[in-house]
Each structure stands twice: as C-alpha cells, then as structure tokens.
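Structure record follows, encoded as structure tokens.
The values are calculated or read from the model by the stated rules, or taken from the named source; none is laboratory data. Every value quoted in this text rests on a predicted model; they were computed, and no experiment measured them. Because the Cβ atoms are built from the backbone with ideal geometry, glycine has one as well, and the counts that use them run over all protein chains shown. Heads up: the accessible areas ignore ligands, DNA and RNA and are worked out on the full protein's heavy atoms, side chains in. Shrake-Rupley method; radii C 1.70, N 1.55, O 1.52, S 1.80 Å.
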Amino acid sequence: MAEVSGDGVSAPLPGRCGFYVERKRRYCKMVVASGKTFCGEHANAGQEDDRKRIPCPLDPKHTVFEDSLAKHLKKCNSREKPHPVYYVQNINAGPEDDVPADEVPLADRAKEELDLLVKKLKKAVEGLNREHEERILSHPALCEALNDPKNGDVAFKHLKQQASLLGHMKVLGLLSANKCYVEFGAGKGKLSHWINVALRGSDNVNFLLVERSTTRFKVDGKNRSTDSANVFERLQVDIQHLSLGKVPLLCEKGLPVIGVGKHLCGAATDLALRCMLGDPGGDQGEQNEQPPRKRLKQEQWSEGLGADAEPAPGAVGANAQADVPVSGLAIALCCHHRCDWRHYVGKDFFRERGLGAPEFTVLQRMSSWATCGLRKAADRSDGALPPGGGSERCEEEDHEHADDTVPSSLDGVVSAEDREHVGRLCKLLIDHGRVDFLRRKGFCSSLQYYTSRDVSLENVLLTAVPTG
C-alpha cells in the first residue's frame, strides 16, 4: 500500500509541523527545524525541547519561551502601540449611562414573558414593509472571476455577493471618481479591491480600509500603484474610536466619502453609521428633532470649491471634529444578535414604539433564531448545514454558537418555522431603526435582498444616498 502523501489534512505537509489543529481541522503549516517534528509554537506537544513555552501575557493565543519572555514583550505584535492621530477614545460610542442593566439569558426567562415580548414585537412592526425587494445585481468588473472554474464554491459565493454590491452601488451612482471609499470591517480588503477594479482609469479614487485586527493575505499590495496619485490605505483601529475628520488623507484632499461593508457584524454597523453621520460620544435623541444641517454638495468638494461656496439643498453627514461630506453608503448587514443598545442608532425609533433597552436586549438575542432555527432543523434532518451556511465565518460561527439561541422553555413548544419568523421580525425592526436614523440625517435609505439565501442567510443590504 502506497504511503499517504502529506496534504496538511490527513497528514502533515512535508517539512511542516506535525501538530493537528482541531479548530481548523488540519495540521499546523509552520516550518519545523531540522530533525524536529513540531514547530516552536507546538514544541510542548511533543516535549521535544527542554525550554518551556508559556502563553504570552499580552495575547494567550500564542506562546513564547519562558526564558525569552522579556525580549518577546518588547516586539510582540499585541503590545500596546502609540495611537494614531485619528484615534479618539469612544468617539463613536453611545453614552455610558445608557447601558441596560444586567442581562437575563433567554434560557432563564419564562415562556409567558417571551410570549409578551413577541406580542410587543408584532405590534411594533405594524405598518412596516415586512418584505424587502429582491434585487440581485451584478457588475462587469467581476465577470471574469465569476466564470473562472478555479474558484471553489465558497469563493464563488463571496464573488456573487461582491458583484451584487457593486451593481447596487452603480445603480445609486456611488461608483465615480473624486471619492474616498471607506470600507468598514475590511478584513482582507477584497470589496475595496473590486471597487478599485471597477473604477480603474478613474482619477482621484482613494480607499481607507478600517480593520481593528491584523489580517493575513491582504490584497492591499495588488491595488497600490507607484505611478498613481490614488491612495489605498489601511487604518488598524476599532470603528468605535475612529474620527474620520482627523484622518490625514481626508484632511488633505477634502473628498466626500462613501461607506461600504460586507457583512459588517452587529454593533459595528451602528458604530460605522455614527462614525460617518452621528453625534460622536452622545445619544441621538434631542439633536435628531432638528432638521439636518445643510452641507456643500459633493460635486463642490470634488471640484475643489471652498467652504465659502453657497450651500445647496441636500443633507450630507459630518463628523463632529471636521466636516466630512458623505455621498452615500452600501452595507451588507449581519449578526444582529451582536448589536448593543449603547451604540445602536435607532433608539428614537424604538422609543416611539414603546420599546427601550430591556426589550432591545431580548430582541437582539432572539434575532439569531432567524438562522439558528434553520440550521438546527437541517442538522436534525441530514446532519449538514443548509446551503450557504458556511459562506461567511461570522454566520457559521457567531450564529451557531450564539448564547441562549433557543431556550429549553420553547423547545418542542414553538416550531423551528415560528422561531425563524420571530427572528426575522427582530432583524426587520432593528434594521428599520437604522433606516429611520439615516432619514433623520437627511438621507434616502432602503433595505433590499441583494443575494439569495442559498448564497448567504444574511442577505440584506442597507443603502443610503443624500435626499435630493
């Protein structure tokens, strides 16, 4: 019988670590020293080395030799670094005193209490458009990639979503020169990459990729050109602390921004809206009762006209630190169960419907039923995830491992279909609160299904352009 060649899954790759990583369901790919079986990170697994490895005190996800700890702490990537000029602590967070009391898990709530909350939910969504329009679009920039047989199923699903996002942006007039695209939760930066491809040849197109964590396999380098004045810059900062008005690129060029995001998780969407349009560090309540301030048209900014030019009708959002005109946004929503009342932008919308922090805390948890019910039903029937279930890591991991998804008090009493319906209503209400916030800020906003559910269970797109 022939020896099994190392493929990294059934056996270690040649010259690589022999430690099996359960979470990734494959062997570690780190190179090993001559004569060793394990890499330095997993040396303790085989006890091949006399030197002891301990978890790094700055980040326990990796280990370090105990006798080299002092040296490691000076260069560890997780060490605290000087904050950039655009870092302002909690500038986009809601007020600290607007935090709900201790949360009670759904599993500890009685069925009668949950029934009452469902009745409140159904009353709150009365008058709202419960079914979004399905508009699955595409863009020629991704035509070649979509027809490339080398792309696997997962890559193909991502490409279909990115193509539809670009298609919606084109329809809304959000693909043009003299703009700065801000991708929130950028990850590898592939959405910005495709926008850059779609605008190839256009002048003064710049990108700011906002991501709080370090990311491997970024596509940034492919989009930087030495003979171009266009900027492709990454901002490693939490959206909660990002002051757009202090970003050097925006200060220098004064360009209008367009916010984009693909599966911007939970509270990150609200933080992004606050970052572009909100009243940083404060609630939206009293200020939103006044009409939005009128800003210069985006064309005036892009053509280099100064602040002395006569303002024209049409609201354009701004950061409190400096005027940053916003031309629009397109954000694919995700993980409503990770929303946070403190950061949520639709508080006024909830209060008008007799709801507050206590109800929001329960509804945002129940929103996970929209996908968890489907997954559990599929697991019971064939032991596999439904189509599209693994298309996004935030969907596969966060929804499946969300706390208190289905309390035992409802198990067997409420069907998976009814739970899914309630979960979808929770998502609907939370999203309409965001639409209401954008309209109060002077934007025309809408929600639509931008891809099919077999591609992604999280298939709602939030778009907005200035009114008029």
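A few notes on this one:
- Of note, residue 234 satisfies the criterion of being closer than 17 Å to residue 87 by Cα and open to solvent by 20 Å² or more (accessible area, probe 1.4 Å).
- Of the residues making up region 116-149, those that are within 17 Å of residue 419 (Cβ to Cβ), open to solvent by less than 60 Å² (accessible area, probe 1.4 Å) and outside any loop (DSSP other than H, G, I, E, B) are 117, 118, 121.
- Of all the listed residues (329, 355, 363, 333), the sole one being modelled with pLDDT of 90 or more and in a helix (DSSP H, G or I) is 363.
- Screening 100, 105, 57 for residues that are modelled with pLDDT of 90 or more and either loosely packed, with under 13 Cβ neighbours inside 10 Å or out of contact with any strand residue (DSSP E or B) (no Cβ under 7 Å at 6 or more places or on another chain) (or both) leaves exactly one candidate, 57.
- Candidates 179, 190 - the one that is touching a helix residue (DSSP H, G or I) at 6+ places or on another chain (Cβ under 9 Å), in contact (Cβ under 8 Å) with a residue 12 or more places away in the chain and open to solvent by 30 Å² or more (accessible area, probe 1.4 Å): 190
- Screening residue 44 with (1) of a type outside the set (Phe, Trp, Tyr); (2) open to solvent by less than 40 Å² (accessible area, probe 1.4 Å); (3) not in a strand (DSSP E or B) gives one miss only, at (2).
- For region 75-93, the set of residues classified as open to solvent by less than 50 Å² (accessible area, probe 1.4 Å) and touching a helix residue (DSSP H, G or I) at 6+ places or on another chain (Cβ under 8 Å) consists of 86, 88, 90, 91, 92, 93, listed by residue number.
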